[in-house]
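Accompanying notes for the structure given below.
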Amino acid sequence: VSGASPGTVHVLTGDEVSRAAHLGVGHEADLPTTLALGRKLSGPRMPSEITVVAIEACDLNSFSERLSAQVEAAIPEVLSSVDKLLR
C-alpha cells in the first residue's frame, strides 16, 4: 500500500524492496522480515539482488477468492514486466 491508485503496478529493486514494510506475504510476515530470514537460513545461496513486481491493492481488510477488477486488469502488465526482467 503506497497510496497509488488500486491496480498500479510497482517494480521494486534494491533498497525499495528492503523498505517495503507494507508489502505482505503469507503467514503475516512482511517482505523485509521474510528476506532477512532467507538470508539467515540460506547464507550465500540467497540471491543478492531481488526484484518484486507488485500490484497496488484495493482492500486489504477483506478476504476473497476473487481479485478486484483493478488488480485483475493489471495482471497483463505484471506478466509483461516479469517477462522483461527475465530476458
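The values are calculated or read from the model by the stated rules, or taken from the named source; none is laboratory data. This is a predicted model, so every value here is computed, not measured. Neighbour counts are summed over all protein chains in view; Cβ atoms, including those assigned to glycine, are modelled from backbone coordinates with ideal geometry. When the accessible area is computed, the model is the full protein with side chains, heavy atoms only, and any ligands, DNA or RNA have been set aside. Shrake-Rupley method; radii C 1.70, N 1.55, O 1.52, S 1.80 Å.
State to the nearest 20 debye the size of the charge dipole of the chain about its Cα centre, where the only charges are +1 on K and R beta carbons and -1 on D and E beta carbons.
400 debye
Do you know the relative contact order of the chain, to the nearest whole percent, from alpha carbon pairs under 8 angstrom that are 6+ apart?
41 percent
Helix 69-86 against the longest principal axis of the chain: what's the angle in degrees, Cα atoms only, rounded to the nearest 10?
40 degrees
Just going by the charge dipole of the chain, with Lys and Arg at +1 and Asp and Glu at -1 on Cβ, which of LEU12, ALA29, ILE50 is farthest out on the positive end?
ILE50
For the chain, find the longest principal axis of its Cα atoms and tell me its angle to the long axis of helix 31-42, 0 to 90°, nearest 10.
With rounding to tens, the tilt is 30 degrees.
Computing the accessible area with a 1.4 Å probe over protein heavy atoms, can you report the carbon and sulfur percentage for the chain?
54 percent
Where is the GNM fluctuation largest for the chain (alpha-carbon springs, 10 angstrom cutoff): SER68, SER42, SER18?
SER42
Rounded, prolate or oblate: pick one for region 25-85, where a ≥ b ≥ c are the square roots of the eigenvalues of its C-alpha gyration tensor, a/c under 1.5 means rounded, and failing that, prolate if a/b is larger than b/c, else oblate.
Oblate, since a/c reaches 1.5 and b/c is not below a/b.
Before I look further, what does the chain give for accessible area per residue, probe 1.4 Å, in whole square angstrom?
Heavy-atom SASA per residue in the chain reads 77 Å².
Lys and Arg at +1, Asp and Glu at -1: add these up for the other residues within a Cβ distance under 15 Å of GLN70 and post the number. Walk me through the numbers on the way to the answer.
Numbers: positive: ARG66; negative: GLU56, ASP59, GLU72, GLU77.
My count for the surroundings of GLN70 gives -3.
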